[in-house]
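**Student:** What follows is a structure written as structure tokens; I'll ask about it next.
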Amino acid sequence: MKDPRYKQLAEQVVNYAVRVQPGEHVNLRMQDIPDAMVVELIRAVRAAGGHPHMDISHSLISKEMQMGATEEQFELEGKYRLQRAEDMQVHICFYADYNSFESASVPADRMKIVSKHLKPASNLTCNKRKWTILAWPTSAMAQAAGMSTEDFEDFYFRCCLADYAKLKEGMIKLKAMMDATDEVRIVGPGTDLTFSIKDIPAIICAGDCNIPDGEVYTAPVKDSINGTLTYNAPSIYHGIPFDGVKFRFENGKIVEAHCNGNDEALNKILDTDEGARFIGEFALGVNPHVLHPMRDILFDEKIAGSFHITPGQCYDEAPNGNDSAIHWDLVCIQRPEYGGGEIYFDGKLIRKDGIFTDPELSMFNPAN
């Protein structure tokens, strides 16, 4: 029996997230996605008057291509990807993660080749086109979340089909607060960090790019970050797991980096290029339905009571001048069960232990 939520999700993505218009060409990049879901996306794009185009991939095949990546191969691949990105007005990406560590065996030098040559297409898509990206619910994700497969699917569709228009009302208020702020201070276990976000716009994310959604992001002034930062949400980057990542900053640059057991791999990522040791994004997670990390950044960065500070590339909408082949969202949760913490804007406490102090922002506080 066809799950009716497939059709609801397809319509949410096509009509709300990316707002497909008549005549637009829509790239459907699908990695290991059930045919029934892809069919609903095709139908929803056509119903909106758009032209669907398929781009099918499979995680095992992608990994094998990465294992033997060469400059000549991915220089040409990058050109093809960039041309496709330019030709499409809308990009919709669904991926199914059956093994979060599938790419762990890809050598770092090969992954660096891949990242470098695919970056122009990615940058154009993120900054110049309408786009959205979704992780598809799998048993591996359910296991990472500590849930049964059925319960996780219910959680997934509840988050993806949330009333983002209602959440956006609070995001407008939070954006105004961030736009008016110069100095940010973050305090918590292993963390005492200060930086400026002056004159860099805050951007609302209310279901019109990623789904699930729920964050307001900006970027720090590139050379303004000083202090220490400890993340408490587990992460995966290029298929490698990282836990307990800790940074020390001097004038914006990560000058010291550690984690639980894999410092060498961590520092290799940060040495990808000059911009990898600087920060491209600062964001507050505000989705009250997402509470615990599962090593999937599309969910983890939206966790209620969290923030993320991202080594690497900044976004064009919130530019701070940092350029890099990486963009690694790392998350810290400040609710009491994760150690608590405080965030100050120009000396004023705006969130304590994951709870916003302003009653107008109470909609973002964790759902019971």
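**Student:** Rounded to whole Å, give me the distance from the Cα center of region 275-316 to that of region 143-210.
**Tutor:** When both Cα centres are located, 8 Å separates them.
**Student:** For region 164-322, take the convex hull of the Cα atoms, compute a quarter of its surface area, and give me that in nm², please.
**Tutor:** Here the figure is 8.7 nm², rounded to one decimal.
**Student:** Just to confirm the filter: which trypsin sites (Lys or Arg not before Pro) across region 93-127 are DSSP coil and have at most 10 other Cβ within 10 angstrom of their Cβ? Numbers along the way, then the final one.
**Tutor:** Values: sites: Arg110, Lys112, Lys116; in loops: none.
Of the trypsin sites (Lys or Arg not before Pro), not one in the loops of region 93-127 has a Cβ with at most 10 other Cβ atoms within 10 Å.
**Student:** Please turn the phi angles of region 17-22 into ³J(HN,Hα) values with the Karplus equation 6.51 cos²θ - 1.76 cosθ + 1.60 (θ = phi - 60°), one per residue in order, whole Hz, x for glycine and proline.
**Tutor:** 5, 10, 6, 4, 10, x
**Student:** By the gyration tensor of its Cα atoms, with a ≥ b ≥ c the square roots of the eigenvalues, what is the shape of region 84-150: rounded for a/c under 1.5, prolate for a/b over b/c, or oblate?
**Tutor:** oblate
**Student:** For region 238-368, give the percent of accessible area contributed by carbon and sulfur heavy atoms, probe 1.4 Å, rounded to a whole number. List each step's numbers first, then the result.
**Tutor:** On the way: 2330 of 4840 Å².
That fraction is 48 percent.
**Student:** With N denoting the number of residues in region 1-142, provide Rg(C-alpha) divided by 2.2 N^0.38 Å, to two decimal places.
**Tutor:** Cα-based Rg divided by the globular estimate yields 1.10.
**Student:** Which entry is the computed volume of the Cα convex hull per residue in Å³ for this structure: (1) 227; (2) 128; (3) 160?
**Tutor:** Only one listed value fits the structure, namely (2).
**Student:** Name the residue, out of Asp199, Asp213, Asp154, whose mean-square fluctuation peaks in a Gaussian network model built on the chain with Cα pairs under 10 Å.
**Tutor:** Asp154
**Student:** DSSP loop (so not H, G, I, E, B), at most 11 other Cβ within 10 Å: list which trypsin sites (Lys or Arg not before Pro) in region 333-368 pass both filters. Could you put the intermediate results ahead of the total?
**Tutor:** On the way: sites: Lys348, Arg351, Lys352; in loops: none.
Counting only loop positions with at most 11 other Cβ atoms within 10 Å, none of the trypsin sites (Lys or Arg not before Pro) in region 333-368 qualifies.
The values are calculated or read from the model by the stated rules, or taken from the named source; none is laboratory data. Since this is a predicted model, take the numbers as computed values, not measurements. In this analysis, Cβ positions are derived from the backbone assuming ideal geometry, glycine residues included, and neighbour counts consider all displayed protein chains. Areas reflect the complete protein model, heavy atoms only, side chains present, ligands, DNA and RNA absent. Shrake-Rupley method; radii C 1.70, N 1.55, O 1.52, S 1.80 Å.
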